[in-house]
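**Student:** Have a look at this one before I ask anything.
The values are calculated or read from the model by the stated rules, or taken from the named source; none is laboratory data. Owing to the predicted nature of the structure, the values given are computational and were not obtained by experimental measurement. Positions of Cβ are generated from backbone atoms using ideal geometry, with glycine treated the same way; all protein chains shown enter the neighbour counts. Heavy atoms of the whole protein, side chains included, go into the accessibility calculation; ligands, DNA and RNA do not. Shrake-Rupley method; radii C 1.70, N 1.55, O 1.52, S 1.80 Å.
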Amino acid sequence: MRSLLLILLLAATTTSFAQKPKKNVIIKYKKYESFDLGNLEIKGKIIAPGDLSVKERQRKRFSRPLFERDHFDPEVRTDIQNLR
Amino acid sequence: MKYLSLIITFLMLAETHALVRKASEYYDKSNDRNKNAYIAQELYKSRYYFSSVVFAKEHLIEGKTFSKEFENLLEELVLKTGTMSFYGLNPRVLSRYPSPSLKFILGLRQFNYKNYEAAIKALEGVPEEHRFAPEAFFMKGSAQNLINQLGAAQKSYNTCIEKADTFENRAKNTKLKRYFAIVKESCIIHKARLLFKDRKYAAALKAYEEIPKTSYRWPYILMEKAWSAYHLGNYNRTLGILVTYRSPLMKSYFFPEAEVLSALSYFKLCLWGDSLNLVNQYYSVYRPHSDALKSILLKEKSSHTYFLKMLLKPIKEMEDMNPFVRNLMTQVRKRVKFSLDLVNFQKAQNELKFIKKLKKSALQQKMLEAVNGAISWRTKHLNHYIKKQMFGFINDMHRFSYEMFNIKLEVMSLKRDLVYDNQKLISNRSRGSHENISRTSTEHFFEFNGEFWADELGEYSFGLKSNCKRVDKVKKVSQSKRGRR
C-alpha cells in the first residue's frame, strides 16, 4: 500500500513539472469602433440642480497701503541726539 | 577807569600764568596718585578747559580716587566743553563712579546705542535737584517712550517740564534761560507725541497748542499738529495747517512730508485732481533741490572739512549758492546741538591760541596735542553733522517721492473703477465754504485773503466739501436730458 502511494505521488509530481507546448496566440483588436454618446442611456436619479447659477456679489477691491504716521519715534530719537 | 581795567586784566593774566606754572611743576615732578586730578583742577582754574578734560579723563581711567571736588570739576567741564568730551570713555569707566555727570553721559551713550533699558538705569543716578535733571528726565522719558512704557514716560516728561521751568526761572543768564525754555518745550512736544502714539489725537493737539509761536520749535510741530488733525478726520484743518509752510516767513523750511500729507488729505476728500496736481508739483519742485544737493554731496562726500567751511562762510559769499542749499544751511544753523557744538569748537580754537603763547614745557606740549586732537575731532564731528542732515534730506525726498507715486497709482486705480462702474464723482472740483470748517473753542478763525499774517500762521483751515459721493453717469445724463425738454 505504501509503495502504491509512493508511485502515485511520483506520477503526480512528474505530470505537474511537464511543460505544455507553447501556442502562438494572436490578439486582434477592432480597427474601428464608434460610440454614439447621445444614444447612450444612463439610469439613475438626478440629485444636482438642473442649471448652473452664480450669485452676484461686489468684487473685493484691494487698495494700496498709503503713507500713515502712527508715531514720531524717529523724531524722538533725533531730539535726544540733538541734546547738548 | 581804563587804567583800572588794565590792572585787573594784568592781574588775571598773572594769576593764570601762576596756576599753569603750578600745574606744570606738578606734571614734571609729582608721583602723587591724584596728580592728574590736581592738574585738571589747576588747568580748569586757569580756564584751559579742553586741556583740563584730558587730565580729568586720565584720572577717571586710572580709577584711584573720586572726591566731591572732582565731581564738581566734572560737572563744570561738561557744561563748558559739552557732553562729547567724556562721551568716548568706556561705559565701565562711566558707570564706576557715584557721579551724576558721568551717569548722565552714560545714559546719553546708551540711548544713542539704543540700549534704552540701560539708559533708564543710568539716568536714575541723576538726582532731581541736579543741574542736568531736566535733560536727564527728558532723556529718560524718551527711552521709556521708545520701549512703550507710556505711563512712566509721561511721568518723566512731567518732571522734566517742572524742573526745566524751575531752572529757567532761576537762571540769570539770558542764553541759559532760553536753553531751559527749549528743554521745557521739547518735553511738552514729547508729551504730545506720546498722546499721539496712544491715539489720543485731540489731547495731542491740545498739548501742541502749549508751544508758543515764537518758539524755534514751532515750525517743526506744525507737521505733527497736521497729522493729529488728519487722524481726527479733519482734513480741512490739516490742509490749513500745512499751507502755513508756504508763507514767506517759513521760506527756509522744507518738509517733503508736508506735501505728502496735503496730497493724502485731498485724496481723503476725494479731490483727486488736487491730489494729482500736488504729486506732479512735488516732482517738479523737489527734483532740482535733490539734484543741487547731490552735486555737492557726491563731490565732497569724503571731505572732513568742506561742509563746516561752507557753513561758516559769511552770508555775502553764500549768495551765489543754490537758494535751497543756502536755506538748508540756515536750518542746520538753528539747531541747538549744532550751535552749542560750534561754540565749543570756537572755544577750543581760542584755547589753542593761548597754549601756543605759553612757555614751552612738557605740559605745554601735552596740552597742545590734546587741544589739537579735540579741534580735529570736533571739526570732523560738526562736518559730519551737516553732511548727515543733507543726506537725511535727500533720503526723505526720495522716500516721500515713492509715497507720492503710490497716491498717484491709487487715484488712477479709483478713476478706472469709476469708469468700469459707469459712475462719476458728484463734482469735478469741490468749492470751499465756511460750513465745512470745524474748529474747537481754542482754535482761532481768520479768513485767508491771499496774504500771510504772522499772528494767523498755523490757524488756517480749508473749507472744502468732501467729494466722495458717487453718482450714476447714465442717470445724470438722462436727468439732464429731461431737464432740457
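**Student:** Can you pull out the residues in the stretch B:74-98 that are surrounded by fewer than 21 Cβ atoms within 10 Å (Cβ to Cβ) and under 20 Å from B:K35 (Cα atoms)?
**Tutor:** If the condition is that a residue be surrounded by fewer than 21 Cβ atoms within 10 Å (Cβ to Cβ) and under 20 Å from B:K35 (Cα atoms), then B:E75, B:E76, B:L89, B:V93, B:R96, B:Y97 are the ones that fit.
**Student:** Here's a follow-up. Could you tell me whether the stretch A:26-39 includes any residue that is modelled with pLDDT under 80 and among the polar types (S, T, N, Q)?
**Tutor:** Scanning the stretch A:26-39, I find no residue that is modelled with pLDDT under 80 and among the polar types (S, T, N, Q), so the answer is no.
**Student:** Hey, could you check the stretch B:211-243 for residues that are of a type in the set (A, V, I, L, M) and farther than 20 Å from A:H71 by Cβ and say which is surrounded by the most Cβ atoms within 10 Å (Cβ to Cβ)?
**Tutor:** B:L239
**Student:** Does at least one position in the stretch B:200-210 carry a residue that is more than 12 Å from chain A (Cβ to nearest Cβ), without any contact (Cβ under 8 Å) to a residue 40 or more places away in the chain, under 21 Å from A:N82 (Cβ atoms) and open to solvent by 40 Å² or more (accessible area, probe 1.4 Å)?
**Tutor:** yes
**Student:** Only one residue in A:R84, A:R61, A:R69 is at pLDDT below 85, within 14 Å of chain B (Cβ to nearest Cβ) and under 30 Å from B:A263 (Cα atoms), so which one is that?
**Tutor:** Of A:R84, A:R61, A:R69, the one residue that is at pLDDT below 85, within 14 Å of chain B (Cβ to nearest Cβ) and under 30 Å from B:A263 (Cα atoms) is A:R61.
**Student:** Looking only at the stretch B:123-139, count every residue that is part of a helix (DSSP H, G or I) and either without any contact (Cβ under 8 Å) to a residue 12 or more places away in the chain or open to solvent by 10 Å² or more (accessible area, probe 1.4 Å) (or both) and tell me the total.
**Tutor:** Selection size over the stretch B:123-139: 1.
**Student:** Tell me which of these B:R326 doesn't satisfy, since it passes every other one: (1) closer than 24 Å to B:M84 by Cβ; (2) free of Cβ contacts under 8 Å to residues at least 24 places away in the same chain.
**Tutor:** Single failed check for B:R326: (1).
**Student:** Would you check if B:L108 is out of contact with any Gly (no Cβ under 6 Å at 6 or more places or on another chain) and without any contact (Cβ under 8 Å) to a residue 60 or more places away in the chain?
**Tutor:** In short, yes.
**Student:** Could I ask something else about it? Among the candidates B:L363, B:L368, single out the residue that is more than 28 Å from B:A292 (Cβ to Cβ), modelled with pLDDT under 90 and not polar (S, T, N, Q).
**Tutor:** Checking each option against the conditions leaves just B:L363.
**Student:** Quick one: which residue in B:L108, B:L102 is assigned to a helix (DSSP H, G or I) and away from chain A (no Cβ under 11 Å)? Give the derivation first.
**Tutor:** Working: B:L108 fails: away from chain A (no Cβ under 11 Å).
It is B:L102.
**Student:** Separate question: Do you know which residues across the stretch B:57-71 are surrounded by fewer than 23 Cβ atoms within 10 Å (Cβ to Cβ) and not charged (D, E, K, R)?
**Tutor:** Start the filter on the stretch B:57-71 by keeping residues that are surrounded by fewer than 23 Cβ atoms within 10 Å (Cβ to Cβ), which leaves B:57-58, B:61-71.
Within the stretch B:57-71, B:I61, B:G63, B:T65, B:F66, B:S67, B:F70 meet the criteria.
**Student:** Hey, another quick one. Can you report the number of residues in the stretch B:268-284 which are out of contact with any Lys or Arg (no Cβ under 9 Å at 6 or more places or on another chain) and open to solvent by 30 Å² or more (accessible area, probe 1.4 Å)? Working first, answer last.
**Tutor:** Step one: filter the stretch B:268-284 for residues out of contact with any Lys or Arg (no Cβ under 9 Å at 6 or more places or on another chain), giving B:268, B:277-278, B:281-284.
In the following step, the residues that additionally are open to solvent by 30 Å² or more (accessible area, probe 1.4 Å) were identified as B:268, B:277, B:281, B:283-284.
Number of matching residues: 5.
**Student:** State yes or no: is A:R2 modelled with pLDDT under 80 and either within 14 Å of chain B (Cβ to nearest Cβ) or surrounded by 10 or more Cβ atoms within 10 Å (Cβ to Cβ) (or both)? Even if it seems obvious, please write down each step before you answer.
**Tutor:** On the way: modelled with pLDDT under 80: yes; either within 14 Å of chain B (Cβ to nearest Cβ) or surrounded by 10 or more Cβ atoms within 10 Å (Cβ to Cβ) (or both): no.
The answer is no for A:R2.
**Student:** Now a separate question. Take the stretch B:34-49 and flag every residue that is under 21 Å from B:L368 (Cα atoms) and either open to solvent by 10 Å² or more (accessible area, probe 1.4 Å) or at pLDDT 95 or above (or both).
**Tutor:** Within the stretch B:34-49, B:K35, B:N36, B:A37, B:Y38, B:Q41, B:Y44, B:K45, B:R47, B:Y48, B:Y49 meet the criteria.
**Student:** Inspect the stretch B:415-423 for any residue being at pLDDT below 80 and of a type in the set (S, T, Y) and give the result as yes or no.
**Tutor:** No - not one qualifying residue is present in the stretch B:415-423.
**Student:** Please go through the stretch B:131-145 and give me each residue that is touching a Lys or Arg at 6+ places or on another chain (Cβ under 7 Å) and not acidic (D, E), ordered by number.
**Tutor:** B:A133, B:P134, B:F137
**Student:** Moving on. Restricting attention to the stretch B:389-407, and to residues there that are charged (D, E, K, R) and open to solvent by less than 60 Å² (accessible area, probe 1.4 Å), which single residue is nearest to B:L276 (Cα to Cα)?
**Tutor:** B:E403
**Student:** Which of the helices (runs of 4 or more DSSP H) found entirely inside the stretch B:148-230 contain at least 1 residues meeting this: closer than 23 Å to B:R131 by Cβ?
**Tutor:** B:150-170, B:174-197
**Student:** Among the candidates B:N344, B:N327, single out the residue that is in contact with a Gly (Cβ under 6 Å, 6 or more places away or on another chain) and either surrounded by fewer than 18 Cβ atoms within 10 Å (Cβ to Cβ) or closer than 19 Å to B:H304 by Cβ (or both).
**Tutor:** Only one candidate qualifies: B:N344.
**Student:** Any residue in the stretch B:328-345 that is on the phi > 0 side of the Ramachandran plot and within 14 Å of chain A (Cβ to nearest Cβ)?
**Tutor:** Taking the stretch B:328-345 and keeping what is on the phi > 0 side of the Ramachandran plot, we get none.
Within the stretch B:328-345, none of the residues are on the phi > 0 side of the Ramachandran plot and within 14 Å of chain A (Cβ to nearest Cβ).
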